[in-house]
1. Please give the helix 109-129 orientation as an angle from the longest Cα principal axis of the chain, in degrees from 0 to 90, rounded to the nearest 10.
2. Stretch E131-N81 to full length: gain in nm at 0.36 nm per residue minus the Cα-Cα span?
3. If one puts a single equal scatterer on every Cα of the stretch 1-82 and applies the Debye formula without solvent, what log₁₀ I(q)/I(0) results at q = 0.24 Å⁻¹?
4. Assuming R0 = 22 Å, can you tell me the calculated FRET efficiency for the pair S111 and E73, based on Cβ-Cβ distance, to the nearest 0.05?
5. Along the Cα→Cβ direction, 7 angstrom out, place labels at A91 and D30. What is the inter-label distance in nm?
6. For the stretch 68-114, what mean projected area does the convex hull of the alpha carbons give, in nm²?
7. Using a 10 Å cut-off around each Cβ, can you sort I12, I112 from fewest to most neighbouring Cβ atoms?
8. Once label points are set 7 Å from the Cα along Cα→Cβ at both A21 and D9, what is their separation, rounded to one decimal in nm?
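Since every read-out is calculated from the coordinates, none of them should be taken as a lab result. A quick note: this is a predicted structure, and the numbers were derived from the prediction, not measured. As a convention, Cβ positions derive from the backbone with ideal geometry for all residues, glycine included, and neighbour counts pool all protein chains shown.
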Amino acid sequence: MSVVLGANDISIESLLALFQAAGLSAVVDDDGDIDITRDGIRTFVRLDDDRKIMSLFSIWQLADDASLEDRVELANSLNVNIVLVRFCIRADGALWCDHQLVYGGGLTPESILRTYALFVEVCEAVGDEHEMIV
């Protein structure tokens, strides 16, 4: 049985160590988020300590000539077809995707890494399938 990391054991520092121990290129950025690159996909991890929520997110630039209507249509299409990852268009026109984990009851290191790997797979598939994403 795997060890459960309690809510008080989950921090940016402990997650950074976990991702680095798993062989991922991970650093803490200027915003205090963990910036991870895996298989060319750049993602981030942010903690909301008050609500005990871990957010995995990625930001994708879209083609300059894509209209706002096309951008919103892309995000809506992704939300209809992909479960567990949310997509939206940011004010700057970029595509934002995220997934949240509640860690108030604790999480195992394996579940964190497995969820992260699935999130990256979704991001990679989306990036490969849509020509509007650059």
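1. Around 10 degrees separate the two axes.
2. 16.3 nm
3. For the requested q values the scattering log ratios are -1.14.
4. Step by step, r from the Cβ atoms, then E = 0.05.
5. 1.8 nm
6. Over every viewing direction, the Cα hull of the stretch 68-114 projects on average to 4.4 nm².
7. Placing the least packed residue first, the sequence is I12, I112.
8. The two pseudo-label positions are separated by 0.9 nm.
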